[in-house]
């Protein structure tokens, strides 16, 4: 196998920034077969691969890359799917630069092997051909309930179905997929891909019930009464945080959750063809520095905003957003106001936002997160004129199901306390994903769903 | 999909649907609401539960044709299916050991008032009610309210039935006459609840209102329904929809309700146009058929 000694990743074709900033189509277009083979040949096939350790679900990375280099794409996707059930999703939204690619030896001398892009290629190759349903084992005659349908739940449900359990997924929204559907925008993760993943677990025999707000329409106790022998809770971190500053209830101030849900789930970009509206003004400020802030800012641009700012109280270095998303946002013309913190939102007499009063910040001593704490610069207040504000400063646990479930131990931040296998304080109840860890990544949630599925299997096998 | 079992036209623009929704019916309690969506691409709208029957598995909702979605809903009939019907959402209302309660309902607000008073009546609480509407033919739930009230006052804005004037006028009179209540429940348009709460405040009588701000998910996820109650931000969907009327910032609520006024008009006009086209199309078809 020839080795490609290029120091740089094989570039992935993408929509040009000046074009994509006004449409919701996917930004990155994916590798061609030639691109993929070319990139796969950069892999050194390390005997002790660091990349695998860097992957929360231990995808056998060198093995699948070797198969791509040998043009055995079917073989490659098979290897990935041994441990990752949502590769088309992960290839797009995983922070590879902090995981597998960070550990890549090639990366020490230049850019690491583009593991994420190759994973995406293999997954898309299979999708284009039509995913085959694996042969299903004999049914075990045991029912498991999975609450929520985001990445943790889909993974848990899929794994349990493959073992022969009768799995029912309960989703509160009218459409399954959780954050993959309501949160992550179409231009980063096409909804058709999420739908295919949901269709796939349905083919495995999983029943997906939508419109089921658990804790309200049914409780965990009801589920046990209905004959479910184990319950997995993967309800995510869906409670929006506000800043608690004056003026947050002015018209035109959105939580990122509302802003993105209106656009992604309710398809407000097609209004009035669809019925859910959204108001995006000429000048938008998004408060926050994570991926959700990037998604909100880039969505605002695509909704027709003339100028979009990201207002972040720390500096570029501390920003939690993925480098790639930051680059994409910059290319599209998003303006970054670092070391800037809103202190008050200003409104007009009708209650509409007309500006934000901000204060400049400087970095002081490191705080609990290890990052340097931003401190206000006295007398540096200034007003930014904007007509839309999106608050993307994080989310907390939604208490709806938790409050309705007795005997569930919580962490001090209100998340569900669970051990490394997702076991909670209540017998027969597991939890995983953001509802345990707080807002994290798709791949970590998947990993949690996977471990919980294995643990549930063990529990139900021993329980006769 | 959820089936409309029965449709009743309560007033020219007010309709009642009895929905087949056994799981919702089983858990529903007074004060809770549902979110429904007519079809794919439709918006999610909250409607307060007006009645429910756990045994029959039915949930009753009442709506007024105002915007596009409610107008479209108004074209549907028994046997038709709704795409989504989610609930029961919100916190059920609970009353301590009351002896005497006053219910005040204006317009469509009489519908969500009814299940609360029905529960109180069944608990043996003395119930006095004041209901009203713009005109006699806009008045809803009069018989139902009569059945659960020890005393019922009816008002119309134009005097076409009962007392001539607003429900708040009767409310004021009763209090001025010195009648005592353990709690007063006021449900109707925000302005009515605001005025009503202002009337009861000097008497120090606990006053419950039920809010209906703009919502998307109804599960606490978006925060679009946030209201200021006693200076704190609360989410009407998961903390309400019932709140202490003396603490609600109604001015803010009314402003926020107007967020999408322009868009609501665009949607409603488009619906109207499409609907009229259909109608004129049918008339033309009929004319053509007649000519043949």
- When you scan region A:219-237, how many residues do you find that are buried (at least 21 other Cβ atoms within 10 Å of the Cβ) and either touching a helix residue (DSSP H, G or I) at 6+ places or on another chain (Cβ under 7 Å) or on the phi > 0 side of the Ramachandran plot (or both)? 8
- Task: Examine region A:76-84 for a residue that is touching a residue at least 24 places away in the same chain (Cβ under 8 Å) and more than 24 Å from residue A:180 (Cα to Cα), and state whether such a residue exists.
- Result: yes
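Just the residues that are part of a loop (DSSP other than H, G, I, E, B) and within 21 Å of the chain's Cα centre (by Cα), please, taken from region A:423-448.
Of everything in region A:423-448, those that are part of a loop (DSSP other than H, G, I, E, B) and within 21 Å of the chain's Cα centre (by Cα) turn out to be A:432, A:433, A:438, A:439, A:440, A:441.
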- Message: Which of the numbered conditions does residue A:29 fail, given that it passes all the others? Conditions: (1) surrounded by fewer than 20 Cβ atoms within 10 Å (Cβ to Cβ); (2) touching a residue at least 40 places away in the same chain (Cβ under 8 Å).
- Response: (2)
- Task: Starting from region A:209-234, keep only residues that are within 12 Å of chain B (Cβ to nearest Cβ), then list their pairs with residues that are surrounded by fewer than 16 Cβ atoms within 10 Å (Cβ to Cβ) whose Cβ atoms are within a distance under 7 Å, requiring at least 6 positions of separation or different chains.
- Result: A:215/A:403
- Query: For residue A:366, are the conditions met, namely being closer than 18 Å to residue A:312 by Cβ, without any contact (Cβ under 8 Å) to a residue 40 or more places away in the chain and either crowded, with 16+ Cβ neighbours inside 10 Å or within 29 Å of the chain's Cα centre (by Cα) (or both)?
  - Reply: yes
- Query: residue A:155: touching a helix residue (DSSP H, G or I) at 6+ places or on another chain (Cβ under 9 Å), outside any helix (DSSP H, G or I) and either closer than 30 Å to residue B:90 by Cβ or touching a residue at least 40 places away in the same chain (Cβ under 8 Å) (or both), yes or no?
  - Reply: no
- Scanning for something part of a loop (DSSP other than H, G, I, E, B), surrounded by fewer than 20 Cβ atoms within 10 Å (Cβ to Cβ), modelled with pLDDT of 95 or more and touching a strand residue (DSSP E or B) at 6+ places or on another chain (Cβ under 8 Å), does region B:198-217 turn up at least one residue? yes
- Message: Considering only residues that are in contact with a helix residue (DSSP H, G or I) (Cβ under 6 Å, 6 or more places away or on another chain) and surrounded by fewer than 23 Cβ atoms within 10 Å (Cβ to Cβ), which ones fall in region A:160-180?
- Response: A:163, A:175
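Okay, residues lined up against (1) more than 10 Å from every other protein chain (Cβ to nearest Cβ); (2) on the phi > 0 side of the Ramachandran plot; (3) touching a strand residue (DSSP E or B) at 6+ places or on another chain (Cβ under 7 Å):
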| position | (1), (2), (3) |
| --- | --- |
| B:229 | yes, no, yes |
| B:234 | yes, no, yes |
| B:240 | yes, no, yes |
| B:247 | yes, no, yes |
| B:259 | no, no, yes |
| B:263 | no, no, no |
| B:270 | no, no, no |
- Task: Could you check how many residues of region B:51-75 are over 30 Å from residue B:262 (Cβ atoms) and surrounded by 15 or more Cβ atoms within 10 Å (Cβ to Cβ)?
- Result: 6
- Looking at (1) touching a helix residue (DSSP H, G or I) at 6+ places or on another chain (Cβ under 8 Å); (2) part of a helix (DSSP H, G or I), can you tell me which one residue A:420 breaks? (2)
- Message: Tell me whether region A:266-288 contains one or more residues that are more than 30 Å from residue B:265 (Cβ to Cβ), more than 9 Å from every other protein chain (Cβ to nearest Cβ) and within 17 Å of the chain's Cα centre (by Cα).
- Response: yes
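Regarding residue A:167, is this residue modelled with pLDDT of 95 or more, more than 14 Å from chain B (Cβ to nearest Cβ) and part of a loop (DSSP other than H, G, I, E, B)?
No: the conditions fail for residue A:167.
The values are calculated or read from the model by the stated rules, or taken from the named source; none is laboratory data. Everything numeric in this text was worked out from a predicted model, so none of it was measured. Cβ sites come from the backbone with ideal geometry, for glycine too, and all protein chains shown count toward neighbours.
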